[in-house]
1. Could you work out the Rg to Rh ratio of the chain, with Rh taken as the Kirkwood radius (inverse of the mean 1/r over all Cα pairs)?
2. Rg/Rh for the range 50-133 to two decimals, with Rh computed the Kirkwood way over all alpha-carbon pairs.
3. Using a simple charge model, +1 on the beta-carbon of Lys and Arg, -1 on the beta-carbon of Asp and Glu, nothing else, what dipole does the chain show about its Cα centre, in debye to the nearest 20?
4. What do you get for the angle between helix 298-312 and the principal long axis of the chain? Use alpha-carbon atoms, 0 to 90 degrees, nearest ten.
5. When the chain is fully extended, how far beyond the present Cα-Cα distance does E286 get from N113, taking 0.36 nm per residue of separation?
6. Please give, to one decimal in nm, the separation of the simple spin-label points placed at Q373 and W523, each 7 Å out from Cα toward the Cβ.
7. Round to the nearest 10 and give me the degree value, 0 to 90, for the angle of helix 536-549's Cα axis relative to the longest principal axis of the chain.
8. Just to confirm the number: angle between the C-alpha axis of helix 152-162 and the first principal axis of the chain, 0 to 90 degrees, nearest 10?
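The values are calculated or read from the model by the stated rules, or taken from the named source; none is laboratory data. Since the model is a prediction, treat every value here as computed from it, not as a measurement. Heads up, the Cβs are rebuilt from the backbone with ideal geometry, glycines too, and the neighbour counts pull from every protein chain shown. Ligands, DNA and RNA are excluded from the accessible area calculation, which covers all protein heavy atoms including side chains. Shrake-Rupley method; radii C 1.70, N 1.55, O 1.52, S 1.80 Å.
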Amino acid sequence: SFAADSEPEKEEWVEAMRQAVAAALSTAEVAERVWAAEANRACADCGAPQPEWASVNLCVVICKRCAGEHRGLGPSVSKVRSLKMDRKVWTEELVELFVRVGNAVANRFWAANVPPSEAIGPASGSDERRRFLVAKYREGKYRRYHPLFGNQEELDRALCTAVTTGDLAETQALVFCGASVSCATGDPGCPSPLALARRSGQRLQMEFLMHNQTSGKTWPRAGDPRLCRAEFSRRWCALQDGVFSYYESERSAGPNGEIRAEEMVCVAHNAPRAHGLESTFELYTEAERLYLFGLDHPEAVREWVKCLAKCFVPPRAEELLSLEFERLGRLHYKGGLSLERAKEGWFALAGSALHVCSGAGEREEPLQLRKLQELCRCRWRGGTSLLHGPYSMIHDASSALSRRTLYIQGERKLDFLGWVQAIRRAAGSAGDTLSEQQLTEADVPLLVDRCIAYITQCGAWLTSEGIYRKSGQNSKTTGLLEALRKDARGVRLKEGEHHVDDVANTLKRFFRELGDGLFTKRWSQDWLRATALEDEEQKIGEYRRLLGNLPTVNRATLKTLINHLFRVQRFSGDNQMNTHNLAIVFGPTLFQTDGKDYKAGRVVEDLISHYVKIFNVNDQEMKKQQDEITAIMKMREAASSGTQQAGDFICTVYLEEKKTEAEQHVKVGA
């Protein structure tokens, strides 16, 4: 572990080390062979010379800057590899494929209709580059449409013919205009296009198909998954005796295809108009295929989803069917005291809660996803009996006693990626009200908790003159607020990067723009009227009554904020922010008024002044707060005297507090 004197110096060292590692690992053999094709000597997207990266499924050679934006498109759109470092990827067939196809053939398809005003060059910025690549590959905006586009059966039939020939350009156009790489061929001996290519000895066709094997979607594989109505094929569907069949018309003698209950692993109800129709749902199968169906009647779609789920969910997990779930399916997981072997479970995502029913039929406590401490993907190692594939690790913090780590394992990549995206959406902030934010285990928005923790982590900031009265830089406040609203869990506030006044202003902006307000529209006027009560005890009693009427998250957030302001005013001799001054700032902010009504400030002043009584603060809470305030004062005294005792004292308090917390966890675990 190394430390640098400054952030710029650290970044210089990191970049230098990266370049050294890259140079040590690289080999130019593959690059020289791929560059043998003249079109491959310039980036397929911006034209930069000597590109050292490639998208192996799109068959384009790209520069380092475009490669970064390709990664942002996701591996389902572009699989990025290095020409010089990913040596094992570059088989003889793949190198030959890039020489034969490469940028020349690929751009005749992907960039057939690029307006000069939208083209990018080597000097283009990241935002402009990103917009162009999204339009080019994800949306397929500039592509040359195949004449059979929109006719799924004809596309699939044409693909089965093309893979038996050497026409790679035709295969590429068919696949990226919607032909299914895993479509049925009608030949029992060669059930897939890959098998047809193998029988025909078409090595390069096989290589291209293998890098583009994904799902049974009926839209262009690398195109925008948000379909328009015209890209759907109208089918008549029936669910009977555990078989889901779809027909060309109501008069068809036999079905176009069937999906049996034992093949189904997951069903998902999409957001309204996600794919051009009012309501759609997805059905995933064991064979890594995804089927998309839709109707213009949401209730009808909901009924189909329920019936399909009931068809493949076993009786031991049927209680999950009573939930208004968005996604339901089978996964493997491990957690609790036993982490040695994964067990099968049935999962249902309903709102921001993830419900789990074990293979034995035991219902586990739901995970409140907005209260997660951490959510990440990892590789799960630990036994040959485990299935391989991508995995998700979830740290749950819904309560102090039920804090746990849950590992979720996906058997099928396509199905699992759907779960990852759905869980991440559910774990994020969903709106502008308090209850829709990411929360701590104490039911306080993580955004509020992060800002307050940052301001109080250093005693000098609590004593900073004019704290909360100064506005900070508007652009930095706006950017920080947007980042925290999007995913407060992923934002790390750091000294040197974030100024205390910007963080303080972010907190104020959050409350001022909060949907329904902290005191809620229903009760805010009652809070203001309470200031007219002359008897102090009666007024405190009314405040306590109104506090009890607030929703749980609002009540917890108000207590946390007033607790923080109570600390701030304890240092008013230094920061010049006594109770009255804080009330002037926070009254209009919390009640979202123009500041002309003095009663808003009076409420905040009363809450700070009578904090202990109104919020029923016990002796233990007060002692902890007093210890923290004493620690900050000692730090300031030591700083002024030039000694290091304050630092030692703070470390001691911190370590003792953490030790106590660790002991509590040990007791809970035991």
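1. We get a ratio of 1.03 for the chain.
2. Details: Rg = 12.9 Å, Rh = 13.4 Å.
Result: Rg/Rh = 0.96.
3. On the way: 90 positive and 90 negative charges, 119 e Å.
Dipole size: approximately 580 debye.
4. Once rounded, the angle reads 70 degrees.
5. Working: separation 173, 0.36 × 173 = 62.28 nm, distance 3.86 nm.
Length gained between E286 and N113: 58.4 nm.
6. With each label point 7 Å from Cα toward Cβ, the separation is 3.0 nm.
7. Its long axis makes an angle of about 10 degrees.
8. Tilt relative to the chain: about 60 degrees.
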